[in-house]
Amino acid sequence: MTVMNVLTVDVEDYFQVSAFERCVDRERWDCYPLRVEQNTGRILDLMEARGVKGTFFVLGWVARRCPELVREIHRRGHEVACHGYGHQRVTQLSRHAFREDVRVSKALLEELTGEAVLGYRAPSYSIAPTTLWAFDELVDAGYRYDSSVFPIRHDLYGIPDWPRFPFLLRRGGKGWEPGSDPGGYYDGDSLVEFPITTLRLFGGRLPIAGGGYFRLFPYRFTRWGLGRINGEEGRPFIFYLHPWELDPGQPRMEGAGAKSRFRHYLNLHKTEGRFARLLEDFSFTPLRDALERWRGETGGETWQGVRSR
């Protein structure tokens, strides 16, 4: 049986990434040449050529300036979800500012597509143990799922002890915590979490399903690791990519540190070819479809978080 994995794209431009936030003044974002439309278009064309649908987490700032891009993503049959408005990490926002960010961007995307926006992904996966209140705001704003948790240790993000595969987040007496009962999905105190998939290797968790890791590891290793998740564990994986990662000709940011430059520019010239191979080697679906499938499974074998630790 073919395992249907999830393909996601975080629609932001090259100058908006967290790696450059110290050397790029967000007040001057409008001074940089936009490349997000053409780069997202390349991803859309690659996916269309192979009949693949996915979920595009669109930044509100981008949607405001490129409304036709959002409409084109929707017209081609992909899910439009929310990446916040100004690509500010949740850990840098007050609760009130976060509330405004997720509501304004959600309303903007819904106006452009004419459909409800179900999902949210925080910039740089920045929902952390200190900002679990963000889940309260997402539920109250009408979101049905989140994909902001990266269950690893990292200097910018991560909740390393949370489940590796999708689970139901429950709001209890001690705050938000992973659960597994899909029956409580629409009770107002729950949210489905789709964490970024990791590979269990040598007793640890290896990030392998997208982004800089996709550019860092040889494609043969990535294909082996993702195939192992599908085959040996029998689980779908959630893959992510950014449009700027297919753009080796993007302007270089002056003033960025060595680590930031390494993370951002490594193997950009290889991403498009690797992505095309990924689309050939695995099957994909949008997150909204995975959500419906998960809700409809009484046994929860595919997505049940309690069996994914």
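The values are calculated or read from the model by the stated rules, or taken from the named source; none is laboratory data. On a predicted model such as this, the values are computed, not experimentally measured, just so you know. Quick reminder, even Gly has a Cβ in these numbers, built from the backbone with ideal geometry, and neighbours come from all protein chains shown.
Here is a list: Y219, Y213. Which entry is modelled with pLDDT of 90 or more and over 19 Å from the mean Cα position of the chain (by Cα)?
Values: Y213 fails: over 19 Å from the mean Cα position of the chain (by Cα).
Just one listed residue meets the conditions, Y219.
Would you check if there is a residue in segment 236-246 being in a helix (DSSP H, G or I), surrounded by fewer than 16 Cβ atoms within 10 Å (Cβ to Cβ), acidic (D, E) and at pLDDT 90 or above?
We begin by selecting, within segment 236-246, every residue in a helix (DSSP H, G or I); these are 243-246.
Remaining after also requiring surrounded by fewer than 16 Cβ atoms within 10 Å (Cβ to Cβ): none.
No; the residues of segment 236-246 include none that is in a helix (DSSP H, G or I), surrounded by fewer than 16 Cβ atoms within 10 Å (Cβ to Cβ), acidic (D, E) and at pLDDT 90 or above.
Hey, among the residues in segment 75-118 that are of a type in the set (G, A, S) and surrounded by fewer than 21 Cβ atoms within 10 Å (Cβ to Cβ), which one's farthest from T285 (Cα to Cα)?
Among them, the one singled out is S94.
Report yes if R228 is assigned to a helix (DSSP H, G or I), among the basic types (K, R) and either out of contact with any helix residue (DSSP H, G or I) (no Cβ under 6 Å at 6 or more places or on another chain) or closer than 23 Å to A81 by Cα (or both), otherwise no.
Here the answer is yes, as R228 does meet what is asked.
Evaluate segment 134-142: report whether one residue or more is of a type in the set (D, E), in contact with a helix residue (DSSP H, G or I) (Cβ under 7 Å, 6 or more places away or on another chain) and modelled with pLDDT of 95 or more.
yes
Considering only residues that are in a loop (DSSP other than H, G, I, E, B) and at pLDDT 90 or above, look in segment 169-201 and name the one that is farthest from the chain's Cα centre (by Cα).
Among those that are in a loop (DSSP other than H, G, I, E, B) and at pLDDT 90 or above, it is T197.
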